[in-house]
1. Compute the convex hull volume of the Cα atoms of the stretch 46-111, divide it by the residue count, and report the result per residue in Å³ as a whole number.
2. Near residue 69, within a Cβ-to-Cβ distance under 12 Å, what is the net charge of the other residues, with Lys and Arg +1 and Asp and Glu -1?
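Every number here is computed from the coordinates shown, using simple stated rules; none is lab data. Keep in mind it's a predicted model, so treat the numbers as computed, not measured. Ideal geometry is used to build each Cβ from the backbone, glycine not excepted, and the neighbour counts take in all protein chains shown.
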Amino acid sequence: MINAIDAAIQPASQLVRQLKCLVSAIVLVSGLIGISPAFAADLSQLPTGLRTKVDLATQACASFNDGQLDLDWGAVERVDLDGDLQRDWVLNESGFACSSAASLYCGTGGCISHFWVREEVHSLLNQAGRSLTLGVNALSSRTSMDPIATE
């Protein structure tokens, strides 16, 4: 037999469960929108500095046995990196694939990620769970001995 307290608690618990589902759905959707990778079709929207990186990668791949460059899912991402509430661009060479060279962009030395923040390209070498700063204008504001990767 259901008493009056159980009857009053049951609708409230259903409401709480529904609210939890709604909040979970909102968080999931906002997370997917906020840091969603761009598709290869969106490369035309890449900032000039990052487009240059893709063009150089395409040329390097083509010069190696007429290879074709393919950008995998996640090679291009939009994330707010500097806290200005504007999504910056991230270009991950780990998502580059050349049809004629398996390790043309990433190998035992790591992979490079390029960042378009405040109208500048910054690059980091990602090695086995750590990042090395390349260039004097890197995201971490540390200076490196070799400024070749900064534009």
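1. 89
2. -4
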